[in-house]
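Notes for the one structure printed next.
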Amino acid sequence: MMDTTSTLQQDTADVAQAWPRNRDGDLLIGGMPLSQAVSRVGGTPCYLYDRAAIEARVAQLRSLLSDRIELHYAVKANPMPALVCHLARLVDGFDVASAIELGVALDAGMSPKQISFAGPGKKEAELMQGLASGVLFNVESARELRALASMSEATGHPARVALRVNLPFEAKSSSMKMSGGPRQFGIDSELIPAMLSEIKSSHLQFEGFHLFAGSQNLRAQTLVDAQSRSYELVMSWLDQMPQAPRILNLGGGFGIPYAPGDKVLDLASVTDHLNALSERLERDIPGARIAIELGRFIVGEAGLYVSSVIERKLSRGHTFLIVDGGMHQHLAASGNFGQCIRKNYPVAMGHRGREKEMASVVGPLCTPLDLLADRVEMDRAEEGDLFVVFQSGAYGRSASPRDFLSHPDVREALI
Ligand SMILES: *Cc1c(COP(=O)(O)O)cnc(C)c1O
């Protein structure tokens, strides 16, 4: 009989097991023992991001993607300025979703030509800021398009626009759907021809489309299907465009494994398909390029969230490790960031112990939601030991309610 457990092992990730440790069994980050990195930032709780791991991930994507495909970073995944600066030298562009993210992207030295500005409900002042910066707007509604058209006329500077499309289908296995059915994002696909004709009679500079089905997808086939259908949709509007589009932004959504059973995304299947689409695009619309904008996939696996055990507490036979970090700094790891079913993130103690134990790891907040790990088997922890949550480089600090219960803010460093 086939050994199904071993085949499963090959394509599911044992993230905690795979992370490098030194001979003493201490976790390493950027080649440095974790305890040293923690001392360097002044203690716990902290987020530590591994520079080299981010570089390696971008290099892997580059090695698989055709040179004609632009690789963009979605700043909302992790807007830490130093990290954004680091990525400015590695990727072709940034996608921002607020005026403050726009400032971070510009400060990092990314050319405004290569910055796109997405997000529903952009205010007049934000549109003005984007126009003055010279970035590309991913226009999310008829209101935004008209506001930009009048600003362009008033200032004599044509706004650069791409239409963000609310696709007529959903990406089934995405954990956060961004398209299909009624949505606050993008312009319903059936209204796109009318928007194209508005652009034609305006002072706007039309540059292309933004089509993004959903986030955190681990199934290559779903991504491939969504990209194919998005491509066909754009081709169906070809006759109605004011001019040939320069860019087809197919969004992000490449997932990373979190739970023990999660299969690693078959990246090569997705990039092979993108490369084929890119060749087709060169024939269909010479000079136009495909862009992808990835957030989680670029930075998610490069980050650790580190806290210290304050107290070992036994309650009716169950061990609780109470740590100095929690849901207020890492909402996603507590299972409260859009997850339907709570699953533990991969976790481990910072160093190897002599024995294992089963414990739950909780934060200091006065709510049962403040749970970082539910009944996990780990090396036995003592008070003062470091506890690590892996896969914490994306949607961590900035996606957490840091004021809830009024504890101090979390430190961050790029190591
Ligand atoms: C959030 C977002 C992304 C990034 O999604 P990931 O799942 O982190 O890759 C890309 N584009 C837009 C418009 C987004 O809102």
*Taking only the C-alpha atoms, wrap a convex hull around the range 111-294 and report its volume per residue in Å³ as a whole number.*
117
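Which whole-number percent gives the relative contact order of the range 111-294, counting Cα pairs below 8 Å spaced six or more residues apart?
Details: 342 pairs, mean separation 33.4, N = 184.
In percent, rounded to a whole number, it is 18.
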_Need one value: the accessible area of Arg246 in square angstrom, 1.4 angstrom probe, rounded to the nearest 10._
90
*Per residue and in Å³, how big is the convex hull formed by the alpha-carbon atoms of the chain?*
159
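Near Val41, within a Cβ-to-Cβ distance under 10 Å, what is the net charge of the other residues, with Lys and Arg +1 and Asp and Glu -1?
Overall, the nearby charge balance is +1.
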*Choice from Ala56, Ala125, Ala162 showing the highest fluctuation, given a GNM over the chain with Cα pairs closer than 10 Å*: Ala125
*Efficiency of FRET between Ser133 and Gln240 - r from beta-carbon atoms, R0 30 angstrom, step 0.05*: 0.55
*For the range 396-410, take each phi angle, set θ = phi - 60°, evaluate the Karplus expression 6.51 cos²θ - 1.76 cosθ + 1.60, and give the result in whole Hz per residue in order, putting x for glycine and proline.*
x, 3, 6, 9, 10, x, 5, 8, 5, 6, 6, 9, x, 6, 8
*Which Cα, out of Pro364, Met349, Ala16, lies furthest along the positive dipole direction of the chain (beta carbon charges, K/R +1, D/E -1)?*
Pro364
_For a 32 Å ceiling on Cα separation, which of these pairs sit above it: Lys113/Lys263; Lys123/Lys177; Lys76/Lys343; Lys263/Lys313?_
Lys113/Lys263; Lys263/Lys313
*Please report, in debye to the nearest 20, how large the charge dipole of the range 111-294 is about its Cα centre when each Lys and Arg carries +1 at its beta carbon and each Asp and Glu carries -1 there.*
220
*Local charge sum around His203 (other residues, Cβ-Cβ under 13 Å, Lys/Arg +1, Asp/Glu -1)?*
+1
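Only four residue types carry charge here, +1 at the Cβ of Lys and Arg and -1 at the Cβ of Asp and Glu. Report the dipole size of the chain about the Cα centre in Debye, rounded to the nearest 20. Please list the in-between numbers first.
On the way: 41 positive and 48 negative charges, 38 e Å.
In debye, rounded to 20, the chain gives about 180.
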*Dipole magnitude of the range 354-405 about its Cα centre, charges +1 at Lys/Arg Cβ and -1 at Asp/Glu Cβ only, in debye to the nearest 20?*
220
_Residue among Phe254, Ser152, Ala56 farthest towards the positive dipole end of the chain, charges placed on Cβ_ = Ser152
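Can you give the net charge of the other residues whose Cβ lies under 12 Å from the Cβ of Pro193, counting K and R as +1 and D and E as -1? Each step should come with its number before you reach the end.
Working: positive: Lys200; negative: Asp188, Glu190, Glu198, Asp239.
So the environment of Pro193 carries a net charge of -3.
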*asked:* Of Gly338, Gln205, Cys46, which is farthest towards the positive pole of the chain's charge dipole, taken about the Cα centre with +1 and -1 on the beta-carbons of Lys, Arg and Asp, Glu respectively?
replied: Cys46
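What FRET efficiency comes out for Ala18 versus Leu267 if R0 is 22 angstrom and r is the Cβ-Cβ distance? Round to the nearest 0.05. Spell out each step's value before the answer.
Numbers: r = 16 Å, r/R0 = 0.75.
Calculated transfer efficiency: 0.85.
Order the peptides 376-383, 333-340 from the highest to the lowest mean number of other Cβ atoms within 10 Å of their residues.
The packing order, highest mean first, is 333-340, 376-383.
The values are calculated or read from the model by the stated rules, or taken from the named source; none is laboratory data. Remember, it's a predicted structure, so these values are computed and weren't measured experimentally. FYI the Cβ positions are ideal-geometry reconstructions off the backbone, even for glycines, and counts take in every protein chain you see. To get the accessible areas, we keep the full protein, side chains included, count just its heavy atoms, and leave off ligands, DNA and RNA. Shrake-Rupley method; radii C 1.70, N 1.55, O 1.52, S 1.80 Å.
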